[in-house]
Every structure is written in structure tokens, then in C-alpha cells.
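As C-alpha cells, the structure follows; a few thoughts come after it.
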Amino acid sequence: IEHALETQLLRLSLELEITRRLAQSADNSVIDKVSHILKAQETAFQSGDLDTFARLDHEFHLAFYIAAGVQNLHGVIDARSGHIDRLRNLNLPDPGKSRSILDWHKRIFEAIKAGDTAATEHAVREHLSGTLAKVEQIRARHPDYF
């Protein structure tokens with residue numbers, strides 16, 4: 001859990017800066033790509049396809065790193081994400097979790113499109129804190145993983 005918390009801090013720091021820059025930018029190259037990802041993620045959500053949903057979650061975040069020109073930093077996050085990925089995988093099937101992810105993705109996207117850096121920051125912070133806020137509940141349901 002300590003490792004997951006460290007990785008979370010690193011990821012949050014990077015994604016706050018990345019999305020802030022994108023919200024301030026007049027470059028809309030990311031808009032079409034992310035819009036497509038969100039539509040596909042909504043379809044995966046509606047059909048209950050959690051594997052595709054999770055893959056698209058990854059693509060959603062990666063699209064921002066690419067648009068900001070820091071794709072290699074996403075690899076740094078991926079390399080450290082084993083423990084947090086395990087927590088996310090245990091949390092994703094929980095009722096309402098995938099809907100919450102999708103809603104926060106939409107809020108992040110809309111805030112970036114609107115150029116609203118404050119709303120972007122709020123949405124990123126809330127979105128990236130979801131799983132770790134549930135650590136004790138996840139641990140109680142899956143004690144063998146800890």
C-alpha cells in the first residue's frame with residue numbers, strides 16, 4: 001500500500017501539470033482522440049466489458065501524456081504501477097466504480113476543452129483519489145492479497 005501511495009503521488013503530480021497545460025493550450029489535437037476513447041469506454045461500460053473498459057482507461061490517460069509531449073513519463077508511471085494496478089483491479093468490479101471513472105473522465109475532458117484549469121485540477125484530484133480512498137474496504141474484502 002505504501003508503494004501504491006507513492007506511485008499515486010507521482011502520478012497525481014504529473015497528471016495535474018499535464019492536464020493544466022492542456023487546458024491552457026489552444027491545441028485541440030487531443031480532443032478528437034479523447035472523445036473517441038470516451039465513446040468507446042461508454043460502450044464498454046454499457047455492455048459490462050470491464051477488460052475493455054480498463055484498457056480504455058489506460059488509453060484515456062496515455063492520450064494526455066502524448067498530447068503534452070511527455071509520453072515517456074507514462075512509461076515511468078506504468079513501471080511503478082503494479083501495486084496500484086492490483087488495487088484498481090480489485091476495486092473496478094465494485095458497484096458504481098466504473099460509472100464513477102467514466103464520469104470523472106468526462107469531467108476532466110470537458111474542463112480541458114473549456115480551458116478551465118481549476119475544474120480540470122479538481123476533476124483530476126477527485127478521479128485519481130478514488131481507489132486509494134477505498135484501500136481499507138478493498139483490504140477487508142480481499143485479505144489474502146495483503
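The values are calculated or read from the model by the stated rules, or taken from the named source; none is laboratory data. Just so you know, these numbers come straight off a predicted model, no measurement behind them. Neighbour counts are summed over all protein chains in view; Cβ atoms, including those assigned to glycine, are modelled from backbone coordinates with ideal geometry. Areas reflect the complete protein model, heavy atoms only, side chains present, ligands, DNA and RNA absent. Shrake-Rupley method; radii C 1.70, N 1.55, O 1.52, S 1.80 Å.
Tabulated data for the structure shown
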quantity	calculated
Accessible-area value, Lys134, 1.4 Å probe, nucleic acids and ligands omitted, Å²	90
Along principal axes, Cα extents of the chain, largest first, whole Å	48, 33, 25
The stretch 77-146, dipole about Cα centre (Lys/Arg Cβ +1, Asp/Glu Cβ -1), debye to the nearest 20	140
Solvent-accessible area per residue for the chain (1.4 angstrom probe, square angstrom)	54
Gain in span if fully extended, Asn28 to Ala40, counting 0.36 nm per residue against the direct Cα distance	2.4 nm
Pairwise Cα inverse-distance average, inverted: Kirkwood Rh of the stretch 64-146 (Å)	14.3
Pair-distance profile P(r), taking every C-alpha pair of the stretch 73-115, with 10 angstrom steps and integer %	25, 33, 38, 4
